[in-house]
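Worksheet: the structure to be examined is printed underneath.
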Amino acid sequence: MDGIQRPGATIFPSSDAALSKLERSASWLSLQVEKTAAPERYTSVVGLSSESCKKSAGSDSGVLSTKRPIELKKTKPKKPVNFDSDEVAGNCQRLIINDKVIERPRNGSELNDYMKKIAAELKPGAANAPDNTISFRYGDNQSITFKSNLLGIGSNSGVYEVISQSGDEPGKVIKITHPNDKSLNSVLKDIESSKFWMECKPGAFSVPEYLYCDPAGMFRLAEKSEGVSLTKVLLELGIYGFNLDNPTDPTIYLNVNRLMDASVMDKLEPVAEAVMEMLQIMKENPDHYTSLSPENIHVEVEYESGEIKRIGKIELIDIGINKNRKEQYINLCSFEGYLGYMFSSYRLGRYLTDKNTREGVEALIECQRASSSASDALKRSTTSLAPSMPP
């Protein structure tokens, strides 16, 4: 499995490369994006053109920009829900949360009410909720205790850290499905898809193993991921960035000089190998395309003197089937093409400006500040570079 596929050379030119080399890099990224079949409103080849590069090169920043289309702020069409509510209700179990009994629904019409009762017992201030832990009993009187504060929140589940009765942390989490049909539908597909990813035994990355899945998809016990999102790493390395003076601005910046810096890309080589293997697996198994957004890839990072020294374990933490990704990823054939696509797509803009992002905007701001040279370049660009994607 190839790792980083550098265009036209075995190593990247230095950060003070001639403008022609910077233009070539921008044009190459543009070609990678153009080759994908992403909807036009999501991707702008203009946003990665040499003209845009020339504008930024005038200030020696080497920074390109793209802007999330304003139309994406509107409500997106809902994905179809295709589970049988009566069948799912029949798989539900009697739960006891903080001594509050939640009886299983009798039929599909009671399913949503059942889900809402579970969510209500997890909220701060619930009648029987202690200050810092939640007692959770399921199955044949199986019991766990987990911290009441959310460890993280995704689009379909809330994640809590499991602890034992003695207070030890055994490295597990419980993912509790949000109380709506869309989330439940996605979780049921995720559980189904997890079997495939476990059996294919990837080499450059892993997926968190599910230790127990509720038959109805209401919750899952899984290994705890010790890593951080690839979004954070790319910010900290200064490859991507956003306007620190106005984090709600949906304009996203790509520091081409950092992308062309061999020392930066060498640190990312394990990630490159993992992403290329993920793409290869999906191309060979087209029924299992999933999102490879930087939020769904977690990495363990080793630091030295406050800077990233080495990237270790890499995990694909969300493996739910997403058929739309097939046409978007089918022609991606290199790690740089992947980075270019993520830069030009609307998703990165959402992750950097959405208050519900997994780490939170404040944490992402600190990651960008950690890369001082990159932050300075990005900050200069916000005053000298007009966004290249029309609203």
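The values are calculated or read from the model by the stated rules, or taken from the named source; none is laboratory data. Keep in mind that what you see is a predicted model, and the values were worked out from it rather than measured. Glycine gets a Cβ as well: all are built from the backbone with ideal geometry, and neighbour counts include every protein chain shown. Each accessible area value is taken on the protein alone, full model and side chains, heavy atoms only, with ligands, DNA and RNA left out. Shrake-Rupley method; radii C 1.70, N 1.55, O 1.52, S 1.80 Å.
Applying a threshold of 28 Å to the alpha-carbon distances of K195/K323; K116/K232; K117/K189; K147/K313 flags K116/K232 as lying beyond it. With both labels modelled 7 Å from their Cα along Cα-to-Cβ, the E284 to I153 distance reads 3.9 nm.
Over all distinct Cα-Cα pairs of the stretch 194-283, the Kirkwood formula returns a hydrodynamic radius of 16.1 Å. The length gained on full extension between R369 and K123, counted as 0.36 nm times the residue separation minus their Cα-Cα distance, comes to 85.2 nm. Q93 versus Y303, label points 7 Å from Cα toward the beta carbon: distance in nm? Each label point is offset 7 Å from its Cα along the Cβ direction, giving 3.9 nm. Classified by the C-alpha gyration tensor, the stretch 141-203 has an oblate form. Its axis ratio a/c, with a ≥ b ≥ c, is 1.5 or above, and a/b does not exceed b/c. Of interest is the spacing of the C-alpha centroids, which for the stretch 87-118 and the stretch 270-287 amounts to 38 Å. Here is the list for the stretch 223-264: trypsin sites (Lys or Arg not before Pro) lying in DSSP coil, each with at most 16 other C-beta atoms within 10 angstrom of its C-beta, are K224. Over the stretch 260-328, accessible surface divided per residue gives 41 Å², non-protein components excluded, 1.4 Å probe. Between the residues F242, S225, Q328, the greatest Cα displacement towards the positive end of the dipole of the stretch 211-335, with unit charges on the Cβ of Lys, Arg, Asp and Glu, is found for Q328. What part of the accessible area of the stretch 221-319, given as a whole %, is carbon or sulfur when the probe is 1.4 angstrom? The value for the stretch 221-319 is 39 percent carbon and sulfur by accessible area.
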